[in-house]
Amino acid sequence: MLDGKKVLFSGMQATGNLTLGNYLGALKNWVTLSDEYECFYSVVDMHSITIRQDPAELRRRARNLLTLYIAAGLDPEKNCIYYQSHASGHAELAWILNCFTYMGELNRMTQFKDKAAKHADNINAGLFTYPVLMAADILLYQADVVPVGIDQMQHLELTRNIAERFNNIYGDVFTIPEVYLGKVGAKIMSLQDPSKKMSKSDENPNGSIYLMDDPDTIMRKCKRAVTDSEANFCYRDEQPGLKNLIDIYSACTGKTPDDTVKEFQGRGYGEFKVAVGEAVVSVLRPLQEEYARLSKDKAYIDSIIKANAEKANYVSSKTLRKVQRKVGFPDRIR
Ligand code: TYM
């Protein structure tokens, strides 16, 4: 609890171009939940360097992402929107939690296995302990809820285990966080291969809709989306391409998959794909316009960065000091 409200924490990496999956699986839900909770939305730049980055490019992308959070409708006066690297408590708590996490647990993380396979020339220790930094992000703010897509579930489960282990030894130090998954959109798949999730790092750009894609590109990608030859408008796992498009359409319009099936029953896939394209464009257009406007306001964005870094440090240092005391670090002399 913070100021009488429950706490929400979530974050995104400033790596690659954000996709519709990031928006529907996370950002959109962040906006919906933001009134109800005391929220911390981090641009997790420290996570990004587990993969080699060009420094100037990372800085640029981090700022763009922070701007995008605001453009999506998160009020930076009410929500703490900040860079992870500006609050040193993340790294400090991560170190302590490293000492409460087992190698075996980290070895089981599927994202580590995937990323290690993809970046075989740079399997660094940071990539391995990445989920511990993520646990530190969440536990540092005593988060009650963490809205993410399905791909982060395993990391959330590990976070809960680490928190419970710590609490069992030292008493109730950490709030045990709950995961929040949206009803639809928690796993948006590639438009070209619906067995793979839509991803920033997909080599085939037609598989992903990027948040900054223009309307023509969005429409073209939707029309080319892989479906099936069954010509049977159903929401089921056996028709994964269609199911994914139904998810996208439903998440963009606020309808349920059942309503969408009723609406398009007996109509052709071609007509539906156009409707999906239009629904995506109408969700992304206001976001893009607001992003373009905000990007020009350097002084405003700078003021947000400064104020929110202070807030993040202030709130997180309370948990950090408590944890440091618990594990036996000497008190500071004032
Ligand atoms: P990242 O940057 O890969 O993704 C950001 C968010 O987008 C969601 N997401 C998706 N949702 C639905 N369909 C998809 N195809 C899709 N692709 C991505 C992700 O689930 C995520 O919610 N490790 C995290 C960032 C992080 C974090 C945290 C999140 C660091 N610390 C603490 C929550 C709490 C990551 O790399 O997300």
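Only the coordinates and a few stated rules stand behind these numbers; no lab work does. Bear in mind that the values here come from a model prediction, so they are computed numbers and not experimental data. As a convention, Cβ positions derive from the backbone with ideal geometry for all residues, glycine included, and neighbour counts pool all protein chains shown.
In this rough spin-label picture, where each label sits 7 Å from Cα along the Cβ direction, the Glu57-Ser201 distance is 1.3 nm. In terms of packing, defined here as the mean over residues of other Cβ atoms within 10 angstrom, the peptides 219-228, 99-108, 35-44 line up highest first as 35-44, 219-228, 99-108. Go ahead and set up a Gaussian network model of the chain, Cα springs under 10 Å, then flag whichever of Tyr82, Tyr130, Tyr314 fluctuates most. Highest fluctuation of the listed residues: Tyr314.
Mean sequence separation of contacting Cα pairs (under 8 Å, at least six apart), scaled by the length of the range 205-293, corresponds to a relative contact order of 33 percent. Ordering Ile209, Ile162, Ile123 from the fewest to the most neighbouring beta carbons within 10 Å gives Ile123, Ile162, Ile209. Taking one quarter of the surface of the convex hull spanned by the alpha-carbon atoms of the range 205-293 gives a direction-averaged projected area of 5.6 nm².
Expressed in nm to one decimal, what extension gain is obtained for the pair Lys183 and Tyr235 from 0.36 nm per residue of sequence separation less their Cα-Cα distance? Could the numbers behind the result be given before it?
Details: separation 52, 0.36 × 52 = 18.72 nm, distance 1.45 nm.
Full-extension gain reported as 17.3 nm.
Roughly how many debye, to the nearest 20, is the charge dipole of the chain about its Cα centre, given +1 on each Lys and Arg Cβ, -1 on each Asp and Glu Cβ, and no other charges? Write down the numbers at each step before the final one.
Numbers: 43 positive and 42 negative charges, 147 e Å.
Magnitude of the dipole: close to 700 debye.
Residues whose amide H lies under 5 Å from that of Tyr83, counting only those 5 or more places away or on a different chain, are Val43; hydrogens are built 1.01 Å from N in the peptide plane. The residues Ser88, Ser250, Ser199, when put in order of fewest to most other Cβ atoms within 10 Å, stand as Ser88, Ser199, Ser250. Each Cα pair under 8 Å and six or more residues apart adds its separation to the average, and for the chain the resulting relative contact order is 22 percent.
Using the Cβ-Cβ distance between Arg267 and Ile150 with R0 = 25 Å, the FRET efficiency computed as 1/(1 + (r/R0)^6) comes to roughly 0.30. Farthest towards the positive end of the charge dipole of the range 23-181, among the residues Ile138, Gln152, Leu33, is the Cα of Gln152, using unit charges on the Cβ of Lys, Arg, Asp and Glu.
Express in nm, to one decimal, how much length is gained between Lys326 and Asp3 on full extension, taking 0.36 nm for each residue of separation and deducting their alpha carbon distance.
Details: separation 323, 0.36 × 323 = 116.28 nm, distance 2.43 nm.
So the chain would gain 113.9 nm between Lys326 and Asp3.
Run through the range 146-205 and list the trypsin sites (Lys or Arg not before Pro) located in a DSSP loop whose Cβ has at most 12 other Cβ atoms within 10 Å.
Working: sites: Arg160, Arg165, Lys183, Lys187, Lys196, Lys197, Lys200; in loops: Lys183, Lys187, Lys196, Lys200.
Sparse-neighbourhood loop trypsin sites (Lys or Arg not before Pro): Lys183, Lys196.
Distance from the Cα centre of the range 90-114 to that of the range 300-325, in angstrom? The distance from the Cα centre of the range 90-114 to that of the range 300-325 comes to 23 Å.
Could you put His90, His119 in order, starting from the residue whose Cβ has the fewest other Cβ atoms within 10 Å? Before the final figure, lay out the partial values.
Details: His90 23, His119 14.
The most exposed by this proxy come first: His119, His90.
Relative contact order, whole percent, for the range 75-146 stands at 41, derived from Cα pairs under 8 Å and 6 or more residues apart.
Summarising the strand pairing of the chain, around 20 percent of its internal DSSP beta bridges are antiparallel.
For labels at Asp259 and Glu290 in the simple 7 Å Cα→Cβ model, what's the distance in nm? In this crude label model, Asp259 to Glu290 measures out at 2.1 nm.
Where the only charges are on Cβ atoms (+1 Lys, Arg; -1 Asp, Glu), what is the dipole of the range 205-293 about its Cα centre, to the nearest 20 debye? Walk me through the numbers before you get to the answer.
Values: 12 positive and 15 negative charges, 29 e Å.
Rounded to the nearest 20 debye, it is 140 debye.
Using Cβ point charges alone (K and R +1, D and E -1), the dipole size of the range 75-126 about the Cα centre works out to roughly 240 debye.
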